[in-house]
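Just below is one structure, and these are the notes that go with it.
The values are calculated or read from the model by the stated rules, or taken from the named source; none is laboratory data. Keep in mind that this is a model prediction, so the values were computed, not measured. Neighbour counts are summed over all protein chains in view; Cβ atoms, including those assigned to glycine, are modelled from backbone coordinates with ideal geometry. Ligands, DNA and RNA are stripped out before the accessible areas are found, and what is left, the full protein with its side chains, is counted by its heavy atoms. Shrake-Rupley method; radii C 1.70, N 1.55, O 1.52, S 1.80 Å.
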Amino acid sequence: MAQTLTNPLDRNHIAEANAPLQKRAEADYAMLGAMLEPRGGNIDAVTKAVAQFAVAIPSWGVGTGGTRFARFPGPGEPRNVFEKLEDCAVVQALTGATPTVSLHLPWDHADDFTALKEKAAAAGLGFDAVNSNTFQDRTGQKLSYKYGSLTHTDAAVREQAIAHNLDCIAVGKKLGSKALTLWIGDGANFPGQQHLARAFERYLASAAAIYAGLPDDWRLLIEHKMYEPAFYATVIQDWGSSLMAAQTLGPKAFCLVDLGHHAPNVNIEMIVARLIHAKRLGGFHFNDSKYGDDDLDAGSIEPFRLFLVFNELVDAAWRKVPLTPAHMLDQSHNVTDPIESLITSAIELQRAYAQALLVDRQALAQYQQDNDVLMVKQTLKRAFTTDVEPILVKARLQNGAAIDPIVAYRRSGYRAACAERRPAQRNFGGGIV
């Protein structure tokens, strides 16, 4: 495909990319609306909801990820947080679905956070939850997290980790964030290495000190993970531990569900339902997986599971359950252009949401009450198999975004331009990030 080296943020570029596709998009939308009307579906209402849906971009998601074995940098990678915002702005401009960025500290340290906030605002971006990092040591760090951070046996290490999280809150306040995501890699690789009960108690005490530093209008999002880097026992390894911690800490503490942080075949949508019931569902890190915490693009392996997760969220809204979960992508792009993967993942979330909105809630509830298992299944599948692409396109048009974001992105030549102005950093070492 020919590259014209235009700015993908330029509304004229997006308009030119949309022009030849506009007529077909309108026809497809009208056709889908006519198909949904006999089913009681209101296509305009669904489109409005989809257009309002938003998911945060992780700052680290615009760079090339890796595995524990190696990392292969791609061309034009952002070299600092300011350049990361440039890439995030492209995703937002083309999808209209990613208006906020989630920073990871100290990876995203800036000497001037006021300037960073101003740059984000100029690009039409805001800031979502800030993420702390006590799962790796950094240059100049006094004490090591090799044997844990918030749960370390040494009180001085715990205090260092607590102080870092409080620093993250201070940065978040400057940027306008309203939440801190707390994930730790603490755990054990051998039986007996760690006193399981005391480690959890130390976590609760450390988290309480962080919780005390939250502003009144903030939330603490507690993220769990079954394994890695601790493979025998992880301190906050499942939603039960996360829920216990949240309930112990107080009303500003919630559970965060990363779709890749569970054992194979775990029923994630049921976990979502349980957390909704407990009024502790704080949000999601969306990705997909085949074997474990693979951090693949959302919807690339289990689109039906993604739909079922959104089905629980839409059902809760239908039942008028108060719920404001935070949505964020959390992916590792090893073999794709990170911007393209983020674009497609944001669209897949919108797709699952639109499909969930098409479920006939009244009919589903009656079939469940009557134990009509086949019709329950058919009702869900009917919504899931509906091609909602015309709705997604219409929502993007309403947000001033691209009808086909990938085509518009590739035609802009943005990646090639980045490769020119961002010299490659020859780093072929191991490590996930």
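For the residues THR379, THR324, the requirement of being open to solvent by 50 Å² or more (accessible area, probe 1.4 Å), of a type outside the set (Gly, Ala, Ser) and without any contact (Cβ under 8 Å) to a residue 40 or more places away in the chain singles out THR324. Among the residues making up segment 306-338, a single one is more than 21 Å from ALA49 (Cβ to Cβ) and assigned to a helix (DSSP H, G or I): PRO338.
Listed here are the residues, each with its yes/no results for (1) of a type in the set (Phe, Trp, Tyr); (2) open to solvent by less than 20 Å² (accessible area, probe 1.4 Å).
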{"site": "ALA155", "(1), (2)": "no, no"}
{"site": "ARG158", "(1), (2)": "no, no"}
{"site": "HIS164", "(1), (2)": "no, yes"}
{"site": "LEU175", "(1), (2)": "no, yes"}
{"site": "LYS178", "(1), (2)": "no, no"}
{"site": "GLY185", "(1), (2)": "no, yes"}
{"site": "GLN194", "(1), (2)": "no, no"}
{"site": "PHE200", "(1), (2)": "yes, no"}
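Taking only pairs six or more apart or across chains, which ones have beta-carbon atoms under 7 Å, a first residue in segment 58-80 that is without any contact (Cβ under 8 Å) to a residue 60 or more places away in the chain, and a second residue that is charged (D, E, K, R) and outside any helix (DSSP H, G or I)? So the pair list comes out as SER59/ASP108. Screening LYS225 with (1) part of a loop (DSSP other than H, G, I, E, B); (2) in contact with a helix residue (DSSP H, G or I) (Cβ under 6 Å, 6 or more places away or on another chain) gives one miss only, at (2). Of all residues assigned to segment 366-373, at least one qualifies as being among the aromatic types (Phe, Trp, Tyr) and open to solvent by 50 Å² or more (accessible area, probe 1.4 Å). Taking the numbered list (1) among the hydrophobic types (A, V, I, L, M, F, W, C); (2) open to solvent by 10 Å² or more (accessible area, probe 1.4 Å); (3) under 30 Å from GLY292 (Cβ atoms); (4) outside any loop (DSSP other than H, G, I, E, B) in turn, ALA19 passes all entries but (3).
If you filter segment 48-70 down to residues that are outside any helix (DSSP H, G or I) and aromatic (Phe, Trp, Tyr), you find that the one that is surrounded by the most Cβ atoms within 10 Å (Cβ to Cβ) is PHE53. Pairs linking a residue in segment 127-141 that is within 15 Å of MET328 (Cβ to Cβ) to a residue that is among the small types (Gly, Ala, Ser) and at pLDDT below 95, with Cβ atoms under 7 Å and 6 or more positions apart or on different chains, do not occur. Just one of the listed residues (ARG11, ARG79) is charged (D, E, K, R) and under 18 Å from ALA401 (Cβ atoms), and it is ARG11.
Take the residues of segment 346-365 that are open to solvent by less than 30 Å² (accessible area, probe 1.4 Å) and of a type outside the set (A, V, I, L, M, F, W, C): which is nearest to GLY283 (Cα to Cα)?
Of everything passing the filter in segment 346-365, GLN350 is nearest to GLY283 (Cα to Cα).
Of all the numbered requirements in (1) under 22 Å from GLY96 (Cα atoms); (2) part of a helix (DSSP H, G or I), LEU364 misses one, and that requirement is (1).
Rundown of residues vs (1) over 19 Å from the mean Cα position of the chain (by Cα); (2) more than 30 Å from PRO78 (Cα to Cα); (3) at pLDDT below 95, yes/no style:
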| residue | (1), (2), (3) |
| --- | --- |
| VAL321 | yes, yes, no |
| GLN331 | no, no, yes |
| ILE347 | no, no, no |
| GLN350 | no, no, no |
| ALA354 | no, yes, no |
| LEU357 | yes, yes, no |
| ASP360 | yes, yes, no |
| GLN369 | yes, yes, no |
| LYS377 | yes, yes, no |
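Scanning segment 71-122 for residues that are assigned to a loop (DSSP other than H, G, I, E, B), surrounded by fewer than 19 Cβ atoms within 10 Å (Cβ to Cβ) and either acidic (Asp, Glu) or in contact with a Cys (Cβ under 8 Å, 6 or more places away or on another chain) (or both) yields PRO75, ASP111, ASP112. When the residues of segment 23-47 are filtered to those that are of a type in the set (D, E, K, R) and in contact (Cβ under 8 Å) with a residue 40 or more places away in the chain, which remaining residue is surrounded by the fewest Cβ atoms within 10 Å (Cβ to Cβ)? Filtering segment 23-47 for residues that are of a type in the set (D, E, K, R) and in contact (Cβ under 8 Å) with a residue 40 or more places away in the chain, the one surrounded by the fewest Cβ atoms within 10 Å (Cβ to Cβ) comes out as ARG39.
Is it the case, given these coordinates, that HIS285 is over 12 Å from the mean Cα position of the chain (by Cα), open to solvent by less than 20 Å² (accessible area, probe 1.4 Å) and in contact (Cβ under 8 Å) with a residue 24 or more places away in the chain? Considered against the rule, which asks whether it is over 12 Å from the mean Cα position of the chain (by Cα), open to solvent by less than 20 Å² (accessible area, probe 1.4 Å) and in contact (Cβ under 8 Å) with a residue 24 or more places away in the chain, HIS285 comes out as no.
Residue-by-condition table, conditions (1) open to solvent by less than 20 Å² (accessible area, probe 1.4 Å); (2) assigned to a loop (DSSP other than H, G, I, E, B):
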position: PHE231; (1), (2): no, yes
position: GLY240; (1), (2): no, no
position: MET244; (1), (2): no, no
position: GLN247; (1), (2): no, no
position: VAL257; (1), (2): yes, no
position: HIS262; (1), (2): no, yes
position: VAL266; (1), (2): no, yes
position: GLU269; (1), (2): no, no
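Scanning segment 390-433 for residues that are open to solvent by 20 Å² or more (accessible area, probe 1.4 Å), assigned to a loop (DSSP other than H, G, I, E, B) and modelled with pLDDT of 95 or more gives ASN399, GLY400, ASP404.
Scanning segment 167-188 for residues that are free of Cβ contacts under 8 Å to residues at least 24 places away in the same chain, of a type outside the set (Lys, Arg) and in a helix (DSSP H, G or I) turns up at least one hit.
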